Amino acid sequence: MPKQSDIMAAHKGKRKPDNAGKTLWRLISYYKNCKWVIISAVLVIFIYAVAITLSQNLLQPLVNVLEEALEDTAGVNSSAQLARYTTLLIYMAVCYLLAVVTNYGLNRLMLEATANVMRDLRNDLFDRMQRLPISYFDSHTHGELMSYYTNDVDAIREMLNHSVTQMLISSMAIVGIVISMVRLSAPLFAVTLILGALVITITKVIAKQSSKSYVHQQKAVATVNGYIEEMMEGQRVVKAFNHEQRSLESFDEMNEDLRRASARANTLASIMGPIMNNLSHIFYAIVTTIGVLFGVNGELIARLSEGSRFNWQMIGIEGSVLITFLGFIRQFSNRVSELSQQFNYIMLALAGAERIFGLMDTEPEKDDGDVTLETGESGNKYWRVPEDNGIDCVPLTGMIELHDVDFSYDGKKLALEDVTLYAKKGQKIAFVGSTGAGKTTVTNLVNRFYDVVDGSVTYDGIDIRRIKKSDLRGTLGMVLQDTHLFTATVMENIRYGRLDATDEEVYEAAKIANAYDFITRLPNGFDTVIDGNGSNLSQGQRQLIAIARCAVLDAPVMILDEATSSIDTRTEKLVQDGMNQLMKGRTVFIIAHRLSTVQSADAIMVMEHGRIIERGTHNQLINQHGTYYQLYTGAFELE
């Protein structure tokens with residue numbers, strides 16, 4: 001279980017994006033695979049903005065027709081006025097209908113583009129995760145990693161689905177509105193600019209604080225998810241040790257931090273709308289007042305400015321112009337309000353995008369090996385080793401050697417120190433010792449989950465740092481203490497060891513592991529679906545399937561890390577018989593606490609504090625009366 005301080009540290013540090021513009025541009029670059037959709041969307045937006053602007057501009061001639069009708073008390077031109085009025089209404093209806101159609105088309109286009117972008121983003125994210133070293137997963141909780149695919153990806157999807165569309169529509173509409181406002185009345189537009197500057201200033205202040213809060217919120221969500229994941233996986237341990245209350249207290253602390261971050265972020269987002277709405281009302285009232293003061297047709301100002309050298313009547317505003325301008329003011333306010341609201345969603349999405357791109361920029365697992373595994377015409381396998389004088393072909397035998405190996409996980413404390421051992425083809429090498437002695441670390445170095453700090457590990461005389469990792473690991477069969485089965489059939493789980501294995505080879509592997517009998521008794525035999533990491537199987541059955549998975553690989557080197565630790569004594573005998581058959585002719589590394597499982601080993605390494613303190617066969621170590629003797633006799637007495 002992770003420490004509270006470690007979990008809380010996950011969301012401390014940076015509170016705002018280093019470069020929001022760079023992150024946004026990188027996110028938008030994902031549209032490159034659907035550029036024609038985006039071009040079509042921009043064209044549709046342009047048509048939409050023109051339609052909306054034209055519909056508002058038609059308000060002025062409509063008002064003029066009404067004024068003419070009111071002045072024509074005799075009704076001389078009533079038929080012509082009615083025809084003009086009807087025609088203008090039809091034009092306006094067409095514009096609004098066109099706006100509705102283009103808006104629908106735009107949303108369909110953007111949804112299609114967003115689906116493509118999200119597919120590519122998830123592919124890139126998962127691809128990078130697959131290429132990260134084991135050390136990355138050792139230092140991050142499952143819940144924290146899952147939050148990239150849930151909270152962060154969902155925030156980006158919402159932004160691309162809605163925010164980007166609304167931003168484009170509002171931005172283009174504002175351009176059309178501004179042009180129309182300038183054309184109608186430059187004086188009133190000057191007033192609009194002054195008030196607009198005030199709105200922009202307020203928006204920038206709120207947005208700056210909102211950006212910080214959303215980043216903090218996303219990190220806090222990842223922390224909470226990570227803790228929940230850990231608690232759900234370890235629920236049996238929590239209950240067994242009566243730690244429910246302590247777990248709740250730890251969760252309350254993290255949940256409270258999330259509450260504070262969410263409350264601040266959402267408060268800032270929530271106040272933006274009311275502020276913009278109230279400002280728009282004030283905005284509207286001020287412009288209306290100034291428009292009236294300018295005077296309909298300039299008559300009021302003309303009377304008030306008699307004797308002035310300036311012709312104030314030049315800024316006089318007709319009633320139709322003022323009404324139309326006020327309509328544009330309302331649209332302008334609404335568009336700016338939409339932009340401000342979407343800005344908060346964009347900040348939330350950018351916070352998630354920054355986290356995702358941060359993971360994508362994490363250094364992947366390095367593989368600079370130039371030695372590859374090849375298969376000869378007769379089916380024999382060999383290492384293809386490039387040399388200065390040509391290519392050397394080294395037969396694959398499975399000989400593993402460690403030469404004066406030092407290793408540290410954190411760069412401070414050595415987990416292994418001066419470890420040297422030799423495992424020839426067909427030998428069984430066992431590691432025993434207390435927890436933390438370095439037994440599993442040795443196998444982590446053999447399969448290059450980690451690289452040595454000093455010394456070397458060789459495979460058939462070749463430094464494994466020269467061997468391509470995929471080829472190296474393809475020759476290593478592993479059975480781990482923590483068995484992991486996938487949600488799939490038993491057949492598919494065993495075949496995971498070698499995807500091109502035939503059904504007959506899977507059956508044979510199950511027989512070697514002594515798993516065939518119990519599998520055939522399952523409801524659907526080998527086609528039985530395993531759920532929830534094997535929750536419908538016993539621990540021993542899960543371990544037998546893992547051993548069968550290793551058997552189907554048919555690798556020259558086997559690593560058995562506590563392979564029988566979770567199996568009862570009766571099942572262990574069945575497994576041990578199968579393991580003995582599996583281990584014939586192979587180099588085998590065995591890590592075990594049950595010393596009865598290592599007595600037949602060719603060499604037993606007794607480890608303590610990262611060093612090999614004793615080595616030899618079972619009988620040799622018993623005769624030495626050293627640490628192994630004490631472990632064996634102590635285990636015997638316990639049994």
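The values are calculated or read from the model by the stated rules, or taken from the named source; none is laboratory data. What you are looking at is a predicted structure, and each value in this text was computed from that prediction instead of being measured. So basically every Cβ, Gly included, is an ideal-geometry build from the backbone, and we count neighbours across all protein chains shown. All accessible areas refer to the heavy atoms of the entire protein, side chains included, with ligands and DNA or RNA removed. Shrake-Rupley method; radii C 1.70, N 1.55, O 1.52, S 1.80 Å.
Residue-wise HN-Hα couplings along segment 434-443, as the Karplus relation 6.51 cos²θ - 1.76 cosθ + 1.60 with θ = phi - 60° gives them from phi, are 6, 4, x, 6, x, 5, 5, 4, 4, 5 Hz; Gly and Pro carry x.
Here the extension length gained between residue 137 and residue 393 equals 88.6 nm, from 0.36 nm per residue of separation less the Cα-Cα distance. Backbone amide hydrogens, once placed in the peptide plane, bring residue 430 within less than 5 Å of 590, 603, 604, 605, excluding anything fewer than 5 places away on its chain. Converting phi to 3J(HN,Hα) with the Karplus coefficients 6.51, -1.76 and 1.60 and the offset θ = phi - 60°, segment 417-427 yields 9, 6, 8, 10, 7, 10, 10, 7, 4, x, 8 Hz in sequence order, with x at every glycine or proline. Taking the Cα centre of segment 27-166 as origin and assigning +1 to Lys and Arg Cβ atoms and -1 to Asp and Glu Cβ atoms, the resulting dipole is close to 520 debye. The convex hull around the C-alpha trace of segment 111-207, projected and averaged over every direction, spans 9.2 square nanometres. With a Förster radius of 51 Å applied to the beta-carbon distance between residue 360 and residue 90, the computed FRET efficiency rounds to 0.40. Take 52-59, 78-85, 253-260 and order them by the average number of nearby Cβ atoms within 10 Å per residue, most first; the result is 52-59, 253-260, 78-85.
Label positions at residue 35 and residue 633, each projected 7 Å from the Cα along the C-beta direction, are separated by 8.0 nm.
Would you please give the residues with an amide H less than 5 Å from that of residue 371, counting only those at least 5 places away or on a separate chain, with H modeled from the backbone geometry? Excluding prolines and chain starts, which carry no amide H, the hits are 467, 468. Between residue 412 and residue 115, the simple spin-label model (points 7 angstrom out along Cα→Cβ) gives 5.2 nm. Under a 5 Å amide H cut-off, with hydrogens placed 1.01 Å from N, residue 132 pairs with 365 among residues at least 5 apart or on other chains. Segment residue 425..residue 503, full-extension length gain: 25.2 nm, with 0.36 nm per residue of separation and the alpha-carbon distance subtracted. Gain on full extension, evaluated as 0.36 nm per residue between residue 179 and residue 367 minus their Cα-Cα distance, stands at 61.8 nm. Sorting 46, 328, 189 by accessible area puts them as 46, 189, 328; the probe is 1.4 Å, largest comes first, and only protein heavy atoms count. Approximating the spin labels as points 7 Å out from Cα along Cα→Cβ, the residue 403-to-residue 252 distance works out to 6.0 nm.
With a Förster radius of 35 Å applied to the C-beta separation of residue 275 and residue 68, the computed FRET efficiency comes to 0.25.
Pairs spanning more than 19 Å between alpha-carbon atoms, out of 366/469; 439/584; 439/469; 511/573; 424/468: 439/584; 439/469; 424/468. FRET efficiency for the residue 190 to residue 104 pair, using the beta carbon distance and R₀ = 51 Å, is estimated at 0.85. The HN-Hα couplings worked out from phi for segment 618-624 by the Karplus form 6.51 cos²θ - 1.76 cosθ + 1.60 (θ = phi - 60°) are 4, 5, 4, 5, 5, 5, 6 Hz, whole numbers, x standing for Gly and Pro.
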